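Presented below is the structure to which this report refers.
The values are calculated or read from the model by the stated rules, or taken from the named source; none is laboratory data. Bear in mind the structure is a predicted one, so any value in this text is a computation, not a measurement. FYI the Cβ positions are ideal-geometry reconstructions off the backbone, even for glycines, and counts take in every protein chain you see.
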Amino acid sequence: MQNCTEMVRPFLHDLEYMFPTNIQHVDNMCKMWSRFVDCVRRYVEVCATGDQRARFNDAVGDSIDTVHAICSSEKYQKEYLQSASCFRKVSVDNCGSHYNDMVDEVSNTAANNDNIC
């Protein structure tokens, strides 16, 4: 899992990747997200029990599906981009401190993997 978090760590505080607001930023986010999700899925498949895999999929499945829809559909990209600036502002203003706390936890190399999820 450490390899996966190392891969994504440089992007966690970059709003371009977390809340893209133009098509180029969406493309960049999709490439990064795809590599990260593939890495995490490989880790979960090899290292997790069946119950842990089920809990992981329950916890993140909808988020993965949403990002996949945005990344694979021009229609969803256009719909997302129409509200992206507002979504970014609301997310940062209302959830920014909680998000930063989670990023700090993931970025803590001494963190217990159980605490991350």
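What to note about this one:
- Residue count for the stretch 2-15 satisfying the condition of being touching a residue at least 60 places away in the same chain (Cβ under 8 Å), closer than 21 Å to Asn108 by Cβ and surrounded by fewer than 16 Cβ atoms within 10 Å (Cβ to Cβ): 3.
- Listed here are the helices (runs of 4 or more DSSP H) enclosed by the stretch 16-117 that have at least 1 residues being in contact (Cβ under 8 Å) with a residue 60 or more places away in the chain and not hydroxyl-bearing (Ser, Thr, Tyr): 50-72, 74-107, 113-116.
- When Ala69 is tested against (1) closer than 20 Å to Pro10 by Cα; (2) modelled with pLDDT under 95, just one condition goes unmet, and that condition is (1).
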